[in-house]
Amino acid sequence: MATSGKVIKCRAAVAWAVGKPLSVEEVEVAPPKAREVRIKMVATGICHTDEHVLKGCLPNVEFPVIPGHEGAGIVESIGEGVSSVKPGDKVIPLCVPQCGECSFCLNPESNFCQKSHICEPQNLLPDKTSRFTCKGKQIHHFLWVSTFAEYTVIPEYAVAKIDTAAPLDKVCLLGCGFSTGYGAAINTAKVKPGSTCAIFGLGGVGLSVVMGCKAAGASRIIAVDINKDKFAKAKELGATDCISPRDFNKPIQDVLIEMTGQGVDYSFEAIGLAETMIAALASCNMSTGIFVMIGVLNAGTEISIDPMLLLTGRTWKGTALGGWKMRDSIPKLVSSYLEKKFNSDLLITHTLPFAKVNEGFELLRAGKSIRSILLF
Ligand code: APR
Ligand code: ZN
Ligand code: ZN
């Protein structure tokens, strides 16, 4: 392409400091270095984790930063040594990379590559420099992907090539929200046919858990949220019961245990609060129940629980991106989407031009959107 090897000037949403709204700026994006890929973003979703970034609640993030981690685009140019993609390919950036070499990548049971953000901050590319500048200042990358930019540069092992038939304004959701929730049910909990499930939090992530539980053949799927506006969509996606903790004068775990006899087989928390995690843990069967935490807690939060909750046999599990080894799995999930094995489009409530990024965050904060997609 004509831009190959050159610095590109384009728009990006920069978070200059904690607590400030994003500001859409002109930035310079340097060409990709060895084993890096420069991508022209087509669409990006607004995920709750980006809101954590703006509030300064996600560990290890450095400002100023270009956030965004759920997107899809087209390869513009490649650095030396890149072999898995070429200019023109459709791709999804991976916020959990797959280097293919670390002990976690080599372990079939793990998807959490040791090059992931919690192991080693991804605010700069692997050579410890940034490809972004704005007004003469270096801007940090976010999870190596920074999808809130018209052009972004990403290490090759954090990019997955997908089917050319994929609609990028729809499959961008597979980069985080959908895959996280759906995989938490299928891969992390390993929900069995005929089982009972409870999902706390019905945002994009929680509703994807509902879809995963349904796909796995759960017979009862109980959706829990304080915002009843979310119930209609939850039912459409497979929830059999929808309840609000505010409608009861006893703890929600007691309600769920009464509804199911001994508690649910699998419970999930997709909110990010200590109190709802404890309630979700206590809602599952005291002997064989599995609780999966998905919600991201504010950095530094600690949780204390009655150890008896676990001593009787319950399991507390975490999940990162739904347990998928992303570089292997995302292309397959895109194929499943094209074969209509699931309908993640139902999570998209708003589509906005990129310039309205702050409006997208307002919709999320007000509980009015499930997923807003920004188009470049
Ligand atoms: N009890 C029940 N539901 C609650 C409560 C509560 N105390 N507080 C909030 N909720 C509901 C909200 O009404 C909303 O429907 O939780 C839902 C959260 O949804 P979103 O804000 O859309 O978040 P989402 O993008 O789905 O992410 C959820 O997963 O990946 C993480 O960082 C992400 O922690 C976040 C979580
Ligand atoms: Zn996300
Ligand atoms: Zn790895």
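Readers should treat all values here as calculations from the given coordinates under stated rules, not as data from a laboratory. Quick caveat, the model's predicted, so the values are computed rather than measured. Virtual Cβ from ideal backbone geometry, glycine too; neighbours counted across all protein chains shown.
The residue list ALA215, THR301, TYR337 was ranked by how far each Cα lies along the charge dipole of region 203-346 toward its positive end, using unit charges on Cβ atoms, and TYR337 comes out on top.
Here the 3J(HN,Hα) profile of region 296-313, calculated from phi with Karplus coefficients 6.51, -1.76 and 1.60 at θ = phi - 60°, is 9, 7, 4, 3, x, 5, 10, 10, 10, 10, 6, x, 4, 4, 9, 4, 6, x Hz, Gly and Pro shown as x.
Give me, ordered by chain and number, the residues 5 or more places off THR319 or on other chains with an amide H under 5 Å from its own placed amide H. Those lying under 5 Å, H to H, from THR319 are MET293.
Stretch LEU352-GLU275 to full length: gain in nm at 0.36 nm per residue minus the Cα-Cα span? Numbers along the way, then the final one.
Values: separation 77, 0.36 × 77 = 27.72 nm, distance 3.38 nm.
Here the answer is 24.3 nm.
Ignoring aspartates and glutamates fewer than eight residues from LYS135 along the same chain, the ones with Cα atoms less than 15 angstrom from its Cα are GLU25, GLU26, GLU28. When the Cα positions of GLY56, GLY323, SER244 are compared along the charge dipole of the chain, GLY323 comes out farthest toward the positive end, with charges on each C-beta of Lys, Arg, Asp and Glu.
Which of LYS161/LYS317; LYS9/LYS128; LYS341/LYS368; LYS228/LYS325; LYS9/LYS115; LYS86/LYS235 have a Cα-Cα distance over 32 Å? In this structure, LYS228/LYS325; LYS86/LYS235 exceed 32 Å between Cα atoms.
Listed by chain and number, the lysines whose C-alpha is less than 16 Å from the C-alpha of LYS20, apart from same-chain residues fewer than 8 away, are LYS55, LYS356. When the alpha carbon gyration tensor of region 1-118 is reduced to an equivalent ellipsoid, its three semi-axes come out at 24, 23, 12 angstrom, largest first.
If you plug the beta carbon distance of LYS55 and GLU80 into 1/(1 + (r/R0)^6) with R0 = 45 Å, you get a FRET efficiency near 0.70. What separates the Cα centres of region 263-307 and region 1-79 is a distance of 33 Å.
Please express the shape of region 67-116 as an equivalent ellipsoid: the semi-axes are the square roots of 5 times the eigenvalues of the C-alpha gyration tensor, given largest first in whole angstrom.
Values: eigenvalues 109, 43, 15 Å².
Here the semi-axes work out to 23, 15, 9 Å.
When the helices of the chain are scored as -39500 (n - 2.57) per DSSP H run of n ≥ 4 and the total is divided over every residue, the value at 222 nm lands at -6000 deg cm²/dmol. Each Lys and Arg contributes +1 and each Asp and Glu -1, all at the Cβ; summed about the Cα centre of region 215-326, the dipole is approximately 300 debye. The GNM of the chain, with springs linking C-alpha atoms under 10 angstrom apart, assigns the highest mean-square fluctuation among CYS57, CYS102, CYS113 to CYS102. With the simple spin-label model, which puts each label point 7 Å out from Cα in the Cβ direction, the GLU359 to THR133 separation comes to 3.3 nm. Charged side chains reduced to their Cβ positions (Lys and Arg at +1, Asp and Glu at -1) give region 94-172 a dipole of some 360 debye around its Cα centre.
Counting only DSSP beta bridges with both residues in the chain, tell me the antiparallel percent, nearest 5. Write down the numbers at each step before the final one.
Values: 34 of 61 bridges.
Percentage antiparallel, nearest 5: 55.
Projecting the Cα atoms of ILE74, VAL24, LEU125 onto the charge dipole of region 1-137, computed from C-beta unit charges around the Cα centre, puts VAL24 farthest toward the positive end.
A simple spin-label model places pseudo-atoms 7 Å from Cα toward Cβ; at ILE226 and LEU106 they are separated by 4.7 nm.
Three semi-axes describe the equivalent ellipsoid of the chain; taken as square roots of 5 times the Cα gyration tensor eigenvalues and ordered largest first, they are 36, 21, 19 Å. Treating cross-link reach as a plain straight distance, find the aspartates and glutamates whose alpha-carbon is under 13 Å from the alpha-carbon of LYS90, omitting any fewer than eight places away in the same chain. By straight Cα distance, LYS90 reaches GLU76, ASP163, ASP169. Build a GNM of the chain with springs between Cα atoms under 10 Å apart, and of SER267, SER244, SER116 the one that fluctuates most is SER244.
Could you sort the peptides 67-76, 281-290, 183-192, 156-165 by per-residue average Cβ neighbour count (10 Å cutoff), highest mean leading?
Working: 67-76: 26.4, 281-290: 21.4, 183-192: 23.0, 156-165: 19.2.
So the order, starting with the most tightly packed, is 67-76, 183-192, 281-290, 156-165.
How many angstrom lie between the Cα centre of region 167-235 and the Cα centre of region 310-358? Centre-to-centre (Cα) distance: 9 Å.
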